[in-house]
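Engineer: Before I ask anything, here is the structure I am working with.
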Amino acid sequence: MGYNKGDNYEQNIFDLLNAKGLLVLNSTRGGAGRSPDIKFLYNFQECHLEVKLNLEADYGQKMLRWDNGIWSWCVDDSVTSFYTSVGVLNIINGKQFIPNRYCIPRDEITTQQKHQDQRAFEDKVEISINTLYDFYGGKNCHYIQVGGYGFYHLKKDILSLGTPRFDCKMKLRLRAKTINSYPVYKYGFYAVLRVNKNGNLQKSHLDIEEKDGRKFPL
């Protein structure tokens, strides 16, 4: 459901830019793929935009696996590449945690052993916002639109639009989450990265949606 709401919001921003003739010809939304969420035009220059439904939107919940003492991603994609770049695997492997889930025959895992895994794995870690800037900068994406907050630049306002910087803290959450309550072994290990809402991000004066008196940025 969260993805659907985020996808609908991205479509809304796409439609607003399209109505103003600011989209790259024949462009489509990136959606959950590796492409930028939206490609827009400024002075005939192609620019890339990240779109988030709100500050609670995450950067994708990703599942991990453990093999011979090393944690890795179950599926490699653009989000896991981002997580690796901000040091998520280093943090998890640094815990030196040996999971019961991968060391005991699955049908023999007890509820107590599952809870041991949960206590040992679950954590919250603050992540530097600079890693977000570097990741999107590497994808030539320098702007972000956040529902309810407006339009920002990431590391640098390369188009000189007068945007404020998306300057906040980020947090990594690690979870050993139940997939099904029975059998007991039906649980997995996940990482999700979100903006820390306690980072006191100030609302932008610019907004593609032009809500609450904010002005259109382009």
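The values are calculated or read from the model by the stated rules, or taken from the named source; none is laboratory data. Everything numeric here is computed off the predicted structure, so don't read it as measured data. Glycine also receives a Cβ, built like all others from the backbone with ideal geometry; neighbour counts cover every protein chain displayed.
Engineer: Checking the condition under 25 Å from the mean Cα position of the chain (by Cα) and more than 22 Å from Tyr9 (Cβ to Cβ), which residue from Leu53, Leu41, Leu64, Leu23 passes?
Structural biologist: Leu64
Engineer: Val79 fails exactly one of the following numbered conditions: (1) surrounded by 15 or more Cβ atoms within 10 Å (Cβ to Cβ); (2) modelled with pLDDT of 95 or more. What is the number of that condition?
Structural biologist: The single condition Val79 does not satisfy is (2).
Engineer: Any idea how many residues of the range 154-180 are within 18 Å of Leu53 (Cα to Cα) and in contact with a Phe, Trp or Tyr (Cβ under 6 Å, 6 or more places away or on another chain)?
Structural biologist: Of the residues in that region, 2 qualify.
Engineer: Would you check if His153 is under 28 Å from Val125 (Cβ atoms) and modelled with pLDDT of 95 or more?
Structural biologist: Considered against the rule, which asks whether it is under 28 Å from Val125 (Cβ atoms) and modelled with pLDDT of 95 or more, His153 comes out as yes.
Engineer: Whether any residue in the range 125-147 is farther than 30 Å from Leu16 by Cβ and among the acidic types (Asp, Glu) is what I want to check.
Structural biologist: Checking the range 125-147: at least one residue is farther than 30 Å from Leu16 by Cβ and among the acidic types (Asp, Glu).
Engineer: For residues that are in contact (Cβ under 8 Å) with a residue 12 or more places away in the chain and either in contact with a Pro (Cβ under 9 Å, 6 or more places away or on another chain) or of a type in the set (Asp, Glu) (or both), scanning just the range 92-115, find the one that is surrounded by the fewest Cβ atoms within 10 Å (Cβ to Cβ).
Structural biologist: Looking at residues that are in contact (Cβ under 8 Å) with a residue 12 or more places away in the chain and either in contact with a Pro (Cβ under 9 Å, 6 or more places away or on another chain) or of a type in the set (Asp, Glu) (or both), I get Asp107.
Engineer: In the list Phe189, Phe166, Phe151, which residue meets the criterion of being surrounded by 20 or more Cβ atoms within 10 Å (Cβ to Cβ) and farther than 23 Å from Thr84 by Cβ?
Structural biologist: Being surrounded by 20 or more Cβ atoms within 10 Å (Cβ to Cβ) and farther than 23 Å from Thr84 by Cβ holds for just one of Phe189, Phe166, Phe151, which is Phe151.
Engineer: Could you say whether any residue in the range 137-153 is farther than 23 Å from Leu41 by Cβ, out of contact with any Phe, Trp or Tyr (no Cβ under 6 Å at 6 or more places or on another chain) and free of Cβ contacts under 8 Å to residues at least 40 places away in the same chain?
Structural biologist: no
Engineer: Please tell me if Gln145 is touching a helix residue (DSSP H, G or I) at 6+ places or on another chain (Cβ under 7 Å) and in a helix (DSSP H, G or I).
Structural biologist: no
Engineer: Scan the range 158-171 and give yes if some residue there is of a type in the set (Ser, Thr, Tyr) and either within 30 Å of Thr110 (Cα to Cα) or in contact with a His (Cβ under 6 Å, 6 or more places away or on another chain) (or both), otherwise no.
Structural biologist: Taking every residue of the range 158-171 in turn, at least one turns out to be of a type in the set (Ser, Thr, Tyr) and either within 30 Å of Thr110 (Cα to Cα) or in contact with a His (Cβ under 6 Å, 6 or more places away or on another chain) (or both).
Engineer: Ok, one more. Looking only at the range 169-213, count how many residues are in a strand (DSSP E or B) and either of a type outside the set (Val, Ile, Thr) or more than 23 Å from Lys62 (Cα to Cα) (or both).
Structural biologist: 18
Engineer: Right, here's the next one. Give the number of residues within the range 42-88 that are in contact with a Ser or Thr (Cβ under 9 Å, 6 or more places away or on another chain), closer than 24 Å to His142 by Cα and of a type in the set (A, V, I, L, M, F, W, C).
Structural biologist: 3
Engineer: Right, something else. So how many residues does the range 192-213 have that are under 23 Å from Tyr83 (Cα atoms) and of a type in the set (A, V, I, L, M)?
Structural biologist: 4
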